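The values are calculated or read from the model by the stated rules, or taken from the named source; none is laboratory data. Please read these numbers as outputs of a predicted model, since none were measured by experiment. When we count neighbours, we look across all protein chains shown, and the Cβ atoms used for this are built from the backbone with ideal geometry, even at glycine. Heavy atoms of the whole protein, side chains included, go into the accessibility calculation; ligands, DNA and RNA do not. Shrake-Rupley method; radii C 1.70, N 1.55, O 1.52, S 1.80 Å.
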Amino acid sequence: MADGTISRAPELAWWQREAFYEVYPRSFQDSDGDGVGDLRGLLRRLDYLAWLGVGAVWVTPFYPSPQRDFGYDVSDYCAVDPTMGTLEDFQRLVEEAHRRGLRVVVDLVANHTSSEHPWFVESRKSRHSPRRGWYVWRDPGPRGGPPNNWLSFFGGPAWTFDPETGQYYLHQFLPEQPDLNYRNPEVVRAMEEVIRFWLDRGADGFRVDAAWLLVEDEHFRDEPPNPAWRPGMRERDRLLHPYTEDHPDTHQVLRRFRAVLESCHRDAVLIGEVYLPFAQLVRYYGTREEPECHFPFNFALVELPADRWTAHGLRAVVEAYEAARPEWAWPGWVLGNHDRPRVATRLGEDGSRLAHLLLLTLRGTPTLYYGDELGMVDGPVQPHRVRDWAGFREWGGRWCRDAARTPMQWDASHHAGFTTGEPWLPVNSDFPQRNVASQQADPRSFLHLVRRLLWMRRSHPALVAGGFVPVGSEEGVLAYRREHGPEAFLVALNFSTRPAHLAAQGEVVLSTHLDREGLERHVPLRPREGLVVRLRP
Ligand code: NOJ
């Protein structure tokens with residue numbers, strides 16, 4: 001490992017070279033004992049993130065919010081929620097992060113506001129309110145109900161009736177999250193101001209929330225039934241979504257957002273949250289002339305069912321993604337986030353070790369989710385402890401996002417070192433064994449694996465800027481070369497439960513078991529082992 005020897009790969013931008021780390025600030029580190037994580041807590045943990053070897057921290061919303069969706073219901077875009085700290089805390093966080101070479105990316109909750117945002121309060125006052133057109137208001141349908149059949153992600157219709165003014169308003173999420181109307185140029189301008197506000201305060205970029213949902217059909221047509229819907233799928237997926245998702249006009253809005261970034265000359269990044277198949281996903285890069293996102297998140301590895309985490313299944317994913325993207329469009333990979341079951345829960349510990357080796361050696365920007373570097377698993381959230389009712393309804397009660405949002409496990413002390421108070425979500429009971437401190441002390445821990453991978457990636461341009469070349473291998477093994485200039489690596493992941501061999505000779509630089517290094521001939525691969533092998537020139 002070469003801490004400190006960061007390869008600059010000068011032809012690439014920082015957001016291509018560096019790994020991103022998602023912090024869900026409510027659950028990361030509390031500094032004042034109220035049981036809710038905050039910006040000062042995050043500040044205290046910047047040294048850990050720098051030690052780990054990530055280059056950018058994406059902080060999910062910390063703005064004033066009634067917390068119906070834990071910050072994704074913003075009531076003031078240009079301030080900090082008192083439970084999270086102050087604007088000064090944010091500025092200190094940015095300064096201190098920058099001092100350590102870390103960038104800070106913030107969430108842009110562009111699709112909707114809180115129903116308590118002054119814009120909506122004003123909009124709902126009367127049909128003639130100057131802000132009426134900032135949201136999507138419609139008369140009742142012909143039979144008196146909602147204007148059409150659109151469904152909300154969080155259950156029930158995407159429309160709520162407002163008796164005061166006799167109209168319905170649109171919300172793709174909770175009724176407390178009314179959708180902004182991006183057909184109104186004033187709304188676009190207002191969000192551009194929000195972007196400028198955070199750029200002026202040192203933010204290094206934005207993750208655009210719900211980026212594929214910003215604009216809906218202007219004719220408000222009913223959506224057709226989804227013939228593939230089966231019980232167990234989300235309620236909203238009873239319908240197909242040609243009129244509420246991926247509307248062509250969404251791209252104009254994202255182009256405008258990107259143009260603001262470009263005009264500020266800050267080298268800031270725009271990342272889109274987009275859950276769409278590759279053919280549609282890649283349009284969120286825009287074009288070379290009119291760029292949109294630097295990269296839309298690629299959730300293929302988050303969505304891939306556990307039984308398709310095979311050499312064959314993964315090769316198909318990687319090849320389909322490669323084939324869909326224009327050659328200039330930079331890839332991105334994600335294993336988990338605050339909306340989905342944790343990767344170690346989906347794949348088990350050895351599967352998750354393989355998954356991290358994959359994430360950190362594929363070509364493209366990796367994004368890690370806090371705690372996944374410890375192999376943290378979903379917490380058991382008892383029905384009486386559910387906080388995220390929205391997500392509970394979204395998944396029909398079968399899973400709840402709280403499970404993936406339990407507090408970060410720092411050490412074996414009370415509440416895992418997360419808070420001195422009562423944590424807002426229970427700490428997972430495995431914290432006495434699974435925590436940062438104990439894994440720092442164990443050179444073969446999950447944490448050391450992730451850290452070694454992150455630093456290896458940073459030290460070798462081949463693993464960042466290098467091409468990706470699939471290599472033929474035994475059944476059950478996914479293998480590829482990464483090469484750049486004189487350097488070449490072979491990455492091999494044995495997803496099967498049988499031993500295998502690599503037809504290569506080279507120096508094993510890392511095994512997912514962290515127990516072997518050095519020159520080997522006919523490199524053997526143990527069941528469920530992943531290797532990085534440096535090839536002889
Ligand atoms: C996506 C966010 O990741 C999720 O947590 C949130 O509930 C929805 N967007 C609505 O903002």
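Some observations on this one:
- Taking Cα centre as origin and charging only the Cβ of basic (Lys, Arg, +1) and acidic (Asp, Glu, -1) residues, the dipole magnitude of region 289-431 rounds to 400 debye.
- Helix axis angle, 343-359 relative to the chain longest principal axis, alpha carbon, degrees: 70 degrees
- Estimated inter-spin distance, A323 and D200, nm [label 7 Å along Cα→Cβ]: 4.9 nm
- Other-chain or far-sequence residues with amide H under 5 Å of T365's (modelled H): G332, W333
- Cβ-derived FRET efficiency at R0 56 Å, E520 paired with Q91, nearest 0.05: 0.65
- Taking the C-alpha atoms only, the angle from helix 311-324 to the longest principal axis of the chain is near 60 degrees.
- Using a probe radius of 1.4 angstrom, the carbon and sulfur fraction of the accessible surface of region 108-236 is 52%.
- Each helix, a run of at least 4 DSSP H residues, gives -39500 (n - 2.57); summed and divided by the residues of the chain, these come to -7000 deg cm²/dmol at 222 nm.
- Probe 1.4 Å - accessible area at R534, Å² to nearest ten: 80 Å²
- Based on protein heavy atoms only, the chain ends up with 38 Å² per residue of surface accessible to a 1.4 Å probe.
- Selection from Q409, V471, P163 lying farthest towards where the dipole of the chain points positive, charges on Cβ: V471
- Measuring only protein heavy atoms, the 1.4 Å probe finds C400 accessible over about 10 Å².
- Phi-based couplings in Hz for region 16-22 (Karplus 6.51, -1.76, 1.60; Gly and Pro marked x): 8, 7, 9, 8, 9, 9, 7
- Extension gain for the segment F468 to R255, taken as residue separation times 0.36 nm less the Cα-Cα distance, is 73.8 nm to one decimal.
- Positive minus negative residues near T86 (Lys, Arg vs Asp, Glu; Cβ under 11 Å): -2
- Relative to the longest principal axis of the Cα atoms of the chain, helix 250-264 runs at roughly 70 degrees.
- Charge dipole magnitude, Cβ of K and R +1, D and E -1 - region 442-537, Cα centre, debye nearest 20: 180 debye
- Here is the tail figure for region 144-246: Cα pairs spaced more than 17 Å apart come to 61 percent of all pairs.
- Counting only heavy atoms of the protein chains and using a 1.4 Å probe, D442 has close to 70 Å² of accessible surface.
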